[in-house]
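Here's the structure, in structure tokens; my notes come after.
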Amino acid sequence: MKGEAAVKAKETLIVAILYVAVSFLIFSSGFIEIAKVSDLSVLPAVVSLVLLVPLFFWYKRHKQRRELSSVVEVDGGFVWVEVLGLFLAAMAVRVPMVLVLGMSYEKTAVVYLVVLTAVLIKKNSLDVYGFRTERFARSLGVGLAYYLVFAVPLFATWWGLAYIFTGKTVLTGYNPLPDLFIFPFMTLCVGVSEEGLFRGLMQTRLARVYSRKKALWSQASLFGLWHFVWHVSPFKPFQMTIHVFTTFIFGLVFGYFYQESGNLVPLVLTHGLVDTVGTGAVLNPELENAETLVQSLQAPAFAVAMIILALCTKFLARKARVTSD
């Protein structure tokens with residue numbers, strides 16, 4: 001027992017060292033200003049993507065050399081220590097990234113945290129936490145469909161209401177070039193890290209101890225709280241509350257999709273598209289306060305889109321299943 005505890009302590013230390021090292025590399029790169037695409041600085045985004053490569057190849061090699069378990073073993077008395085420990089570790093990097101660099105560049109560090117925790121400490125293959133590679137093309141197709149189910153009513157309601165109120169189109173054009181740069185970061189870094197942490201690790205492990213409903217609501221609550229940092233400086237309590245609430249709703253719907261499918265791949269793609277598409281929108285300069293108008297109509301458009309997304313979630317989640325229950 002002492003030998004096992006020593007091995008686990010050593011592996012935990014390795015995970016912590018790598019997590020801090022990756023966080024430091026990304027954080028340091030944020031002080032070197034090369035260029036920006038929308039709000040995303042080029043260098044930390046590129047560094048984040050490059051750092052995913054060695055992790056990917058390490059996992060493939062490690063999986064070939066070590067037998068990883070497909071059984072998720074959870075200590076019921078320790079599960080909340082695990083979940084909150086992961087959450088606080090991720091938040092400890094996220095807060096300075098946002099407050100100092102103005103963007104949440106912690107994503108790749110969190111990917112390392114998720115992967116190394118699952119593989120080195122828990123001895124699990126990543127597929128038990130939703131990273132399924134079977135029928136991969138089908139999973140991507142479901143992810144695209146899931147995004148469209150949300151995006152089409154969102155933008156139709158948004159721009160339609162704007163036209164009703166102003167008699168003018170809100171957009172005069174769309175430049176896709178920013179999307180081409182932002183999409184890899186938003187999908188491979190943001191999508192993988194957040195879906196892997198909240199839906200993958202947290203929801204999966206909590207569901208082994210508590211009911212699926214409690215696991216679903218718990219991870220969604222933490223996912224909502226995860227977004228408070230955007231409104232700390234300057235402190236905007238109303239905007240903070242709205243942001244936390246809307247991302248909590250996303251956490252519930254995405255968590256239900258994962259609960260029904262056991263597959264994170266569609267959610268990673270949907271997450272990346274939600275965070276990307278719209279970056280290149282060109283607002284009509286003839287409209288007075290166009291940006292303020294667009295923002296004011298977000299709430300009804302979001303409500304319509306989320307209702308439709310929730311109604312379609314169970315159907316599409318079942319399409320994303322890669323094995324039978």
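What follows draws every value from the coordinates through simple rules; no lab data is involved. All of these numbers come straight from a predicted model, not from anything done at the bench. Here the Cβ is made from the backbone with ideal geometry for all residues, glycine too, and neighbour counts use every protein chain on show.
Structure notes:
- In this label model, Thr323 and Ile308 are separated by 3.5 nm, measuring between points 7 Å along each Cα→Cβ vector.
- Full-stretch length increase - Phe315, Val20 - with 0.36 nm per residue and alpha-carbon distance subtracted: 102.2 nm
- In the range 232-325, the GluC sites (Glu not before Pro) that fall in loop regions by DSSP, at most 12 other Cβ within 10 Å: Glu286, Glu288
- Estimated vicinal HN-Hα couplings, Hz - the range 195-210 in sequence order (Karplus 6.51, -1.76, 1.60; Gly, Pro = x): 5, x, 6, 7, 7, x, 5, 5, 5, 4, 6, 5, 5, 6, 10, 10
- In order along the range 62-69, the Karplus-derived 3J(HN,Hα) couplings, from 6.51 cos²θ - 1.76 cosθ + 1.60 at θ = phi - 60°, round to 4, 5, 6, 8, 10, 7, 9, 7 Hz, and Gly and Pro are given as x.
- Over the chain: helical MRE at 222 nm, DSSP H runs n ≥ 4 each giving -39500 (n - 2.57), nearest 500: -21000 deg cm²/dmol
- Across the range 271-282, computed HN-Hα scalar couplings (Karplus, 6.51 cos²θ - 1.76 cosθ + 1.60, θ = phi - 60°) run 4, x, 5, 4, 7, 9, 5, x, 4, x, 5, 10 Hz from first to last residue, x flagging Gly and Pro.
- Entries of Lys123/Lys319; Lys214/Lys314; Lys8/Lys123 with Cα pairs more than 22 Å apart: Lys123/Lys319
- Multiplying each eigenvalue of the alpha-carbon gyration tensor of the range 1-119 by 5 and taking the square root yields semi-axes of 30, 17, 12 Å, largest first, rounded to whole angstroms.
- Put the Cα centre of the range 22-81 next to the Cα centre of the range 129-167 and the gap is 26 Å.
- Amide hydrogen neighbours beyond the local backbone of Leu171, cut-off 5 Å, H modeled: Asn284
- Distance between the pseudo-spin-label points of Phe136 and Thr12 (7 Å out from Cα toward the beta carbon): 3.4 nm.
- Gyration tensor (alpha-carbon) shape descriptor, the chain, a/c threshold 1.5: prolate
- Label-to-label distance, nm, for residues given as Thr166 and Leu144 (7 Å Cα→Cβ offset): 3.1 nm
- Cα long-axis angle, helix 237-261 against the chain (0 to 90 degrees, to the nearest 10): 60 degrees
- The loop-placed trypsin sites (Lys or Arg not before Pro) in the range 155-241, going by DSSP, that have at most 16 neighbouring Cβ atoms within 10 Å of their Cβ come out as Lys168, Arg208.
- The residues neighbouring Ala215, those whose beta-carbon lies less than 14 Å from its own, together hold a net charge of +4 under the Lys/Arg +1, Asp/Glu -1 convention.
- Anisotropy class of the range 38-77 from Cα gyration tensor, a/c 1.5 cut: oblate
- Amide H contacts under 5 Å for Ala281, placed H, 5+ residues apart: Asn175
- Distance between the range 178-202 and the range 240-279 - C-alpha centres, whole angstrom: 10 Å
- Figure legend: label point modelled 7 angstrom from the Cα of Val100 along Cα→Cβ; residues of the range 25-51 with amide N under 15 Å from it are 25-33, 44.
- Amide H contacts under 5 Å for Val37, placed H, 5+ residues apart: Val42
- 16 Å reach of a label modelled at Leu88, 7 Å along Cα-to-Cβ, counting backbone N of the range 95-111: 95
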